[in-house]
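Only one structure is covered here, and it is reproduced in the block below.
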Amino acid sequence: MSCYFQTQDTDLWNPSNFVARIFVGQVLTLSDEMAIESGVGEIIEDECEIDGDAFPAFLHALLLRHGNSNNQALRSLLEGVLAVGLVIAERAGWDMSGASTVDNSFWEEKRVQLARSMPAG
């Protein structure tokens, strides 16, 4: 079985249910810890809706936290959610420019590499 991550009626990612639950769990934990809405809804049956306003703002907050931290453990923990999130954002066409502390080449390389192994549907 798999889960469809969608925005409106656009399929963005179709991982296994196990991977989907881990991603959603990590996003919810970070959302709670940072006191910012993630835009990632609950998994209902085999679908998870992502809000196109809240999710990019959530990713921007994570990118800034990552860029401003010198704690390597924290940076490493954030990188997984960010890399997956950036693939989703790119597929949805959401603007992720503007986080001033972001090393764009680092994230672009991660996004491109990861996108190959993230089926959209």
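Considering only N71, A61, I44, whose Cα is most displaced toward the positive end of the charge dipole of the chain, charges sitting on Cβ of Lys, Arg (+1) and Asp, Glu (-1)? Among N71, A61, I44, the one farthest towards the positive end of the dipole of the chain is N71. Expressed per residue, the C-alpha convex hull volume of the stretch 3-46 stands at 66 Å³.
Taking every alpha-carbon pair within the chain, the share separated by more than 24 Å comes to 19 percent. Divide the volume of the convex hull around the Cα atoms of the stretch 54-121 by the residue count and you get 85 Å³ per residue. Dipole check for the chain: with +1 at the C-beta of Lys and Arg, -1 at the C-beta of Asp and Glu, and the Cα centre as origin, the magnitude is about 560 Debye.
Working from Cα pairs under 8 Å separated by at least six residues, relative contact order for the chain is 28 percent.
Please identify every one of the GluC sites (Glu not before Pro) in the stretch 24-121 that sits in a loop by DSSP and has no more than 12 other beta carbons within 10 Å of its own beta carbon. Listed in order of number, the matching sites are E45. In the complete set of protein chains, residue-level accessible area for V84 is approximately 20 Å², probe 1.4 angstrom.
The values are calculated or read from the model by the stated rules, or taken from the named source; none is laboratory data. From a predicted model like this one, the values you see are computed outputs, not experimental measurements. Glycine gets a Cβ as well: all are built from the backbone with ideal geometry, and neighbour counts include every protein chain shown. Side chains included, ligands, DNA and RNA excluded: accessible areas come from the protein's heavy atoms. Shrake-Rupley method; radii C 1.70, N 1.55, O 1.52, S 1.80 Å.
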